[in-house]
Structure formats: C-alpha cells, structure tokens
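Below is one structure; the comments refer to it alone.
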Amino acid sequence: MGTVPGMVVVGGGECGARAAFALREAGWNGPLTLVGAEAVPPYERPPLSKSMMTGPHASAPATICDAEMLRNGGIDFIAGTTATDIDRDNHEVVLAHGRRIAYRRLLVATGATARPLPIPGAAADGVRYLRSHSDALALRDRLRPGARIGVIGGGFIGLELAASATLRGCAVTVVELAPRLMSRGTTPQIAAVVAARHERAGVDVRCGTGVARLERRDGATLLGLTTGETLLCDTVVAGIGAVPETALAHKAGLAVDNGVRVDTRLTTSDPDVFAAGDCCSWPHPLYGGRRIRLESWRNARDQGGAAARNMLGADEPFATVPWFWSDQYDLTLHIAGLPDAATTEVVRRRHDGVEIRFGLGPDGRLLTASAIGTESAAARDIRLAELLIARRATPHPTTLADPTVSLKALLRQEPH
Amino acid sequence: MSEWIAACAVDDIDPEDVIPFRHDGVDYAVYRSPQGEFFATAGHCTHERMPLCDGLVMDNTIECPKHNGRFDYTTGKAAGAPVLVDLRTFPVKIEDGTVHIGIG
Ligand SMILES: Cc1cc2nc3c(=O)[nH]c(=O)nc-3n(C[C@H](O)[C@H](O)[C@H](O)COP(=O)(O)OP(=O)(O)OC[C@H]3O[C@@H](n4cnc5c(N)ncnc54)[C@H](O)[C@@H]3O)c2cc1C
Ligand code: FES
C-alpha cells in the first residue's frame, strides 16, 4: 500500500482499545490501526448485563473512547470490518473487503463469543445470548413486567441477567447443570450467599438441572428439563460460558490452545504477532506457569497495555493477579487470584459482617481471596490481598484470620 | 471566601487512610497522608462515581475501588486511564484536634 508498516490491532473491544492507546502512551509515533468487527466505537461490556438492563431507557453503549479520542490518539479506527486473514509472510492483515494493511507488529484481541447451547435447534427456537450491545438491546426489550425468563446457566452473566430481569419485574428461573451456582470461579460459601439472595428476590434457582430439549409452543419456548419437568418461557437466554474467538489465528496457522497460545510476553508462535484479552491463554508465572485464559474486564485492559509495550520491545512478563467482580442486586462479589489453586481456606470475619475468604497453597502462599458485600465494601481488602498475592506472600493463617490486623500492615511486612 | 466545616477528629483517620464525610448532601473524602498531613477531595471518582472512601490509599495516591483509577489526593490530579478527569480538592485546616474542610 506504499505506507510504512505500523502497529495493527485486530478487535475493537476492551483489550484492543486499551492496547491502541497504550501504544501511543509508550511512545509509538508511526501508523496505528484498530480494526473492529462491530460497527460502533469500542464500548464496555460489563454494563450490558447490569445498568443497560435495569436503566429506565434503552441506552447507547458505554463507550471506552469516542471518535474524537481515537482521532486525537492518531488511531485509524476501521469499524464494522472483520479481519479475515493474516498474511504472515508478507506481514499484512487482510480485511473482509479485501483491503490489506501492512503491519510491523500485530495484536490479536478478538475476544470471545457466547458459547452456543449444544442442543439441536436451539438457534431456531429463539434462544438468546448476551455478548454485544445489540444483543443487550434486543434482550432488554423483552424484559417486560411479568415476562417469564428462563436463564440457562448459573454463571456470572446468567446470574447478573437474572438479577436485572427480576429488578425489571420478570419471573425468572435459572437452570444450572452443576450442583451449585458459579462453580467455575467462586467458593461454595459465596455461591450459597448469591443463591440465597436470588431466592429472596423471587428467582427460581434450580441447580443440578440441565435442559434436554427445546420446543416452540404458542409463541413461547418450552424447556424440557433433565428432571423430567417442563418450563414455559417467553424468553430463553443461554449463559453457559464463552468460547475464545480464535478463527483468525487458527487460519493463520498460529498455535491455539484454549485460546490463542501466547507466552508470558503475550507473543504468539509468530514473534511479530501478539494476542491478549479473552481470546488468549498464557502461562501464569504466579501459578507455576499454569496455562489459563480469563474472561475478565481488568485482565483484558491490563493485557492490552502489557502487549502494547511488548510490541514495542519492552519484554515485560505478564504476571498480574487475576481479578474479577460481579454485581447482582445490591451485592458485589470480588475475586482475586485463582480460587481453584488453593488447598487451604482461611476466613477473616470483619466486624462489619463482611467475610474475606483467603486460599493458601500447600506451601502456605496466598493464592486467592474473595468476598461478597454490599457495593464496594470488600474492595479494599481484596485489593490488598491482590498485592499480597503478587508478592508471593506467605502470611500466617492466624494473622490472616484476625480482623484486627490490617492487611495493609501485612503488606508492609513483605519485601518488595 | 471558603466556609469551614468540621469534618472529623484528627484521630478518626489512620495515617495513609481515607474516610467519608457528608455535608449538605455532598460527599467528600478526607485523607491522612503517611506523613500525617490532611487533605480533602470530592467523595466520588470522576470515572463512574464510585465512592473513593472504599478505595486504597498508598502514599499520596488514592486508588478507586471499582476500576483502580488513581488520583494524587494532595493535588486531585488523575493519573491516567481509566480516570481522565481530575478530582476536585478542598482546603483543609486543623484546629483543636479537629479537621476542617473549606467548601464553597
Ligand atoms: C454481559 C457481560 C458482562 C460482563 N461483566 C463483567 C464483570 O462484571 N466483570 C468482569 O471482570 N468482566 C465482565 N465481563 C467480561 C469482559 O467484558 C470481557 O472480559 C472483556 O470485554 C474482554 O475484552 P476483549 O477486548 O478481550 O474482548 P471483547 O470485549 O469480546 O472484544 C473483542 C472484539 O473483537 C471483535 N472481533 C472479533 N474477531 C474479529 C476479527 N476477526 N476482526 C475484527 N474484529 C474482531 C469483536 O467483535 C469484539 O468487538 C462481562 C462480559 C459480558 C459479555
Ligand atoms: S469508577 Fe473509579 S476508576 Fe472507574
């Protein structure tokens, strides 16, 4: 195309947008292109299941950056366009219309898509998903008072949606195959608090229950459950997880392993191609190099920033402690670290009633902490726990459990 | 010019910490630096209005509890994405062991 090859980011989500700005912050002055399949400027997904559903009116997406910020950042944003190929030999990205963009370094930040319900005919039978702003708008319209909403999957997105639909006056049933809610990602005690809160709000929570079949009946959908019961719903939403969007990477011959496979520098099997955010898996240095893939807002942001710096040669390992939050009703759940890595649990019962649950490894190292409380009540302690985890701290269980010893004091004792 | 309002006792805030203060329906955050100096800012983050009193104070910065946006609470300066708008600050004076903040 005659221009000098620049930095190219594919995927205009949380991660791609952050990476584009971080490239400028890190001093990149050359051409910078952000390619996004969605027609709108980058926006936040977390509000889609929360304020977008409960707010008084259907609203525009919560933009991460508008056209002016992109312009001021010197970012050439190509919206509504899918990248279909990476021509690695020629260092070019091929777009849907055939246009080619030369890259010096490329970032794949293609995110994830909602996992389709593995039941024949589910798509035809009007099962809905929640991943994009347009999904949210369509769904929002159906959350009328009294509407019967069936949520398949008791994970974070399904539960947030169940809470929002309940607040809108819908009659909600949540069907979860596992014996408890949020089995991937939280401790049983926190899941129990969440289940109780949903039941108190009137949600019919059915764990240990799967959906065997779906059938359209008089404009509604009949769910045939594995328990033999049936459930008639006006709207069915599946929240059974997300699959990494790896089509582009796979086609280009890049290694894929539960997401685009990258190393600790977020480099793919091609040293000029990086991947970050929900689409990638990487070996986490704090967890013995265990390969993980996260679907977390902050991880997407942080990895976008780190990938950008590494694209410019920073050689920075990505070892940020995983962190996630979820809002349901007046409750906010915070999780730092990897809950399933811990072998011992220590509970700190604060005087205000909030419980912080720590998880330690066999060597006594702090690996995870989680808590649930009203709004940001637990935020600070979880943040401090995150800093302790990052420093590979081995706090004594008795001290950890003692609410009179501040976590900040524990942090001060840690060598940097 | 300022109207001085008594916010709290000096001992109500630990060093390197923050507490909330509400006056006339307006929320403030009152800080004590590790060096023992007092400061006051608007009570909510300029990003999505989370209460800063639940955030973490480290040296001269307050970190927002929601998305970890950081501000220098001594100047109100926003440290960068996700927080792009500076935090409003208010003058503080100590009299007889009481922290007063200047509003208006
Ligand atoms: C409803 C909902 C609620 C959530 N709530 C929370 C929460 O409370 N807390 C939390 O921590 N996380 C939450 N998340 C997760 C968080 O939003 C994601 O982790 C984050 O959006 C990931 O960012 P990403 O940029 O990696 O991927 P995405 O946000 O998925 O962005 C990827 C973008 O790339 C585009 N794309 C894909 N392939 C191509 C291609 N070939 N060419 C061009 N563009 C392409 C996609 O269209 C998309 O716009 C939530 C997610 C959803 C859906
Ligand atoms: S609300 Fe404070 S950083 Fe977002």
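The values are calculated or read from the model by the stated rules, or taken from the named source; none is laboratory data. Quick caveat, the model's predicted, so the values are computed rather than measured. With ideal geometry, Cβ positions are generated from the backbone for all residues, glycine too; neighbour counts draw on all protein chains shown. Calculation scope for accessible area: heavy atoms of the full protein, side chains included, ligands and nucleic acids excluded. Shrake-Rupley method; radii C 1.70, N 1.55, O 1.52, S 1.80 Å.
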Q.
Any residue at all in the range A:95-108 that's touching an Asp or Glu at 6+ places or on another chain (Cβ under 6 Å), within 16 Å of ligand 1 (Cβ to nearest atom), open to solvent by 70 Å² or more (accessible area, probe 1.4 Å) and not in a loop (DSSP other than H, G, I, E, B)?
A. yes
Q: Scan the range A:381-395 residue by residue and report those that are open to solvent by less than 10 Å² (accessible area, probe 1.4 Å) and assigned to a loop (DSSP other than H, G, I, E, B).
A: A:Ala393
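Residue-wise test of (1) open to solvent by 20 Å² or more (accessible area, probe 1.4 Å); (2) closer than 15 Å to A:Thr221 by Cβ; (3) modelled with pLDDT of 95 or more.
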site: A:Thr113; (1), (2), (3): yes, no, yes
site: A:Val127; (1), (2), (3): no, yes, no
site: A:Leu137; (1), (2), (3): yes, no, yes
site: A:Leu159; (1), (2), (3): no, no, yes
site: A:Ala163; (1), (2), (3): no, no, yes
site: A:Thr166; (1), (2), (3): yes, no, yes
site: A:Gly169; (1), (2), (3): yes, no, yes
site: A:Pro179; (1), (2), (3): yes, no, yes
Q) Quick check: is even one residue across the range A:175-184 closer than 19 Å to A:Asp234 by Cβ, more than 16 Å from ligand 1 (Cβ to nearest atom) and more than 14 Å from chain B (Cβ to nearest Cβ)? A) yes
(Q) Just the residues that are open to solvent by less than 10 Å² (accessible area, probe 1.4 Å) and of a type in the set (Ser, Thr, Tyr), please, taken from the range A:297-331. (A) A:Ser326
Q: Tell me, please, whether a residue that is polar (S, T, N, Q), within 14 Å of chain B (Cβ to nearest Cβ) and within 13 Å of ligand 1 (Cβ to nearest atom) can be found in the range A:47-63.
A: yes
**Q.** Flag for A:Arg357 being modelled with pLDDT of 95 or more, surrounded by 14 or more Cβ atoms within 10 Å (Cβ to Cβ) and of a type in the set (Lys, Arg)
**A.** yes
Q: Would you please name the residue that is nearest to ligand 2 (Cβ to nearest atom), looking only at residues in the range A:239-253 that are open to solvent by less than 50 Å² (accessible area, probe 1.4 Å) and outside any loop (DSSP other than H, G, I, E, B)?
A: A:Ala242
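Out of curiosity, is A:Leu411 more than 9 Å from every other protein chain (Cβ to nearest Cβ), modelled with pLDDT under 95 and under 15 Å from A:Arg348 (Cβ atoms)? Walk me through how you get there before you give the answer.
Numbers: more than 9 Å from every other protein chain (Cβ to nearest Cβ): yes; modelled with pLDDT under 95: yes; under 15 Å from A:Arg348 (Cβ atoms): yes.
Yes, satisfied.
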(Q) Looking only at the range B:65-90, count every residue that is in contact with a Leu (Cβ under 6 Å, 6 or more places away or on another chain) and either facing chain A (nearest Cβ under 9 Å) or under 23 Å from A:Asp327 (Cα atoms) (or both) and tell me the total. (A) 0
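Before we move on, is A:Ala306 within 14 Å of ligand 1 (Cβ to nearest atom), assigned by TED's automatic domain parsing to the domain that holds A:Asn29, touching a Phe, Trp or Tyr at 6+ places or on another chain (Cβ under 8 Å) and not polar (S, T, N, Q)?
Working: within 14 Å of ligand 1 (Cβ to nearest atom): yes; assigned by TED's automatic domain parsing to the domain that holds A:Asn29: yes; touching a Phe, Trp or Tyr at 6+ places or on another chain (Cβ under 8 Å): yes; not polar (S, T, N, Q): yes.
Against the criterion (within 14 Å of ligand 1 (Cβ to nearest atom), assigned by TED's automatic domain parsing to the domain that holds A:Asn29, touching a Phe, Trp or Tyr at 6+ places or on another chain (Cβ under 8 Å) and not polar (S, T, N, Q)), A:Ala306 qualifies.
Do we have A:Gly304 as of a type outside the set (S, T, N, Q), touching a helix residue (DSSP H, G or I) at 6+ places or on another chain (Cβ under 9 Å) and free of Cβ contacts under 8 Å to residues at least 12 places away in the same chain here? It would help to see each step written out before you state the result.
Details: of a type outside the set (S, T, N, Q): yes; touching a helix residue (DSSP H, G or I) at 6+ places or on another chain (Cβ under 9 Å): yes; free of Cβ contacts under 8 Å to residues at least 12 places away in the same chain: no.
No.
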Q: Search the range B:60-71 for residues that are closer than 18 Å to A:Arg18 by Cβ and pair each with any residue that is within 16 Å of ligand 1 (Cβ to nearest atom) and open to solvent by less than 10 Å² (accessible area, probe 1.4 Å) when their beta-carbon atoms are under 7 Å apart and the residues are at least 6 apart or on different chains.
A: B:Lys66/A:Ser376
Q.
One residue is enough: does the range A:358-372 have a residue meeting the conditions within 14 Å of chain B (Cβ to nearest Cβ), part of a loop (DSSP other than H, G, I, E, B) and touching a strand residue (DSSP E or B) at 6+ places or on another chain (Cβ under 9 Å)?
A. no
Q. If you take the residues of the range A:396-408 that are free of Cβ contacts under 8 Å to residues at least 40 places away in the same chain and in a loop (DSSP other than H, G, I, E, B), which of them is farthest from the other protein chains (Cβ to nearest Cβ)?
A. A:His396
(Q) Being within 15 Å of ligand 2 (Cβ to nearest atom) and either among the aromatic types (Phe, Trp, Tyr) or at pLDDT below 95 (or both) is the filter here; which residues of the range B:19-52 pass it? (A) B:His47, B:Glu48, B:Arg49, B:Met50, B:Pro51
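Give the residue, chosen from B:Val57, B:Val83, that is within 11 Å of the chain's Cα centre (by Cα) and either closer than 24 Å to A:Ala385 by Cβ or not acidic (Asp, Glu) (or both).
After applying the criteria, what remains is B:Val57.
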**Q.** Among (1) open to solvent by 20 Å² or more (accessible area, probe 1.4 Å); (2) touching a helix residue (DSSP H, G or I) at 6+ places or on another chain (Cβ under 8 Å); (3) among the small types (Gly, Ala, Ser), the one test that A:Ala371 misses
**A.** (1)
Q) Counting just the residues of the range B:42-61 that are within 11 Å of chain A (Cβ to nearest Cβ) and part of a strand (DSSP E or B), which one comes out surrounded by the most Cβ atoms within 10 Å (Cβ to Cβ)? A) B:Leu56
**Q.** Pair list, Cβ < 6 Å and 6+ apart or interchain, from the range A:105-133 residues that are of a type in the set (Asp, Glu) to residues that are open to solvent by less than 30 Å² (accessible area, probe 1.4 Å) and at pLDDT below 95
**A.** A:Asp125/A:Leu214; A:Asp125/A:Thr221
Q: Return the pairs, sorted by first residue and then second, in which the second residue is not in a loop (DSSP other than H, G, I, E, B), the first residue lies in the range B:41-56 and is within 16 Å of ligand 1 (Cβ to nearest atom), the beta carbons are less than 6 Å apart, and the residues are 6+ apart or on different chains.
A: B:His47/B:Val83
Q: Please work out which residue is farthest from A:Tyr287 (Cα to Cα), limiting yourself to the range A:335-357 and to residues that are part of a strand (DSSP E or B) and of a type in the set (Gly, Ala, Ser).
A: A:Ala336
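Out of the range A:1-44, which residues are of a type in the set (Ser, Thr, Tyr) and either crowded, with 22+ Cβ neighbours inside 10 Å or under 20 Å from the mean Cα position of the chain (by Cα) (or both)? Please lay out each step first, then the result.
First pass over the range A:1-44, keeping only residues of a type in the set (Ser, Thr, Tyr): A:3, A:33, A:43.
A:Tyr43, the sole residue that qualifies.
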Q: Scan A:Leu34, A:Leu23 and give me the residue that is within 14 Å of chain B (Cβ to nearest Cβ), touching a residue at least 40 places away in the same chain (Cβ under 8 Å) and aliphatic (A, V, I, L, M).
A: A:Leu23
